[in-house]
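Worksheet: one structure, shown below.
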Amino acid sequence: QVQLVESGGGLVEAGGSLRLSCAASGSTFRINAMGWYRQPPGKQRELVAGITSGGSTNYADSVKGRFTISRDNAKNTVSLQMNSLKPEDTAVYYCNADISRWIGLSISRDDYWGQGTQVSVSS
């Protein structure tokens with residue numbers, strides 16, 4: 001089994017910063033792309049930032065220049081540094097990972113999600 005455990009959410013004033021972290025554990029053979037999604041109240045889940053195993057990154061236009069995604073392949077972790085936070089960044093943030101693992105003699109590649117962490121930004 002694979003688990004993604006997030007940490008670092010909380011309440012912050014507009015203009016402040018937070019850092020989210022996510023650690024993958026379990027029977028992982030290879031962690032491919034990792035990313036952060038968010039779901040604002042009453043809205044659909046959306047991609048915030050993604051990072052490949054080689055370190056290439058992509059960001060939603062709304063967070064470019066303010067958020068930075070990074071990963072530590074040795075520790076199987078991905079982080080999201082969020083600066084200059086705005087009230088519209090308020091959402092539940094989810095860690096996502098595309099993970100390959102052995103099942104018997106085969107490799108299974110699946111998408112995994114963390115449990116979510118609340119980020120609230122007050123105006």
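Here are some notes:
- Reachable aspartates and glutamates from Lys75, criterion Cα separation under 17 angstrom, eight or more residues apart if same chain: Glu6, Asp98
- In terms of accessible area, using a 1.4 Å probe and ignoring ligands and nucleic acids, Trp102, Trp113, Trp36 rank largest first as Trp102, Trp113, Trp36.
- When the trypsin sites (Lys or Arg not before Pro) in the stretch 13-116 are filtered for DSSP coil states and for at most 13 other beta-carbon atoms within 10 Å of their beta-carbon, the remaining sites are Lys43, Lys64, Lys75.
- The chain: most fluctuating residue of Gly16, Gly65, Gly42 per GNM, C-alpha cutoff 10 Å: Gly42
- The stretch 47-123, relative contact order [Cα under 8 Å, separation at least 6], %: 23 percent
- Where the chain is the region considered: accessible area per residue in Å², 1.4 Å probe: 53 Å²
- For Lys86, the aspartates and glutamates whose Cα falls under 19 Å of its own Cα, not counting residues fewer than eight places away in the same chain, are Glu13, Glu46, Asp61.
The values are calculated or read from the model by the stated rules, or taken from the named source; none is laboratory data. Model, not experiment: these values are computed from the prediction. Methodologically, a virtual Cβ is constructed for each residue, glycine included, from the backbone with ideal geometry; neighbour enumeration extends over all protein chains shown. To get the accessible areas, we keep the full protein, side chains included, count just its heavy atoms, and leave off ligands, DNA and RNA. Shrake-Rupley method; radii C 1.70, N 1.55, O 1.52, S 1.80 Å.
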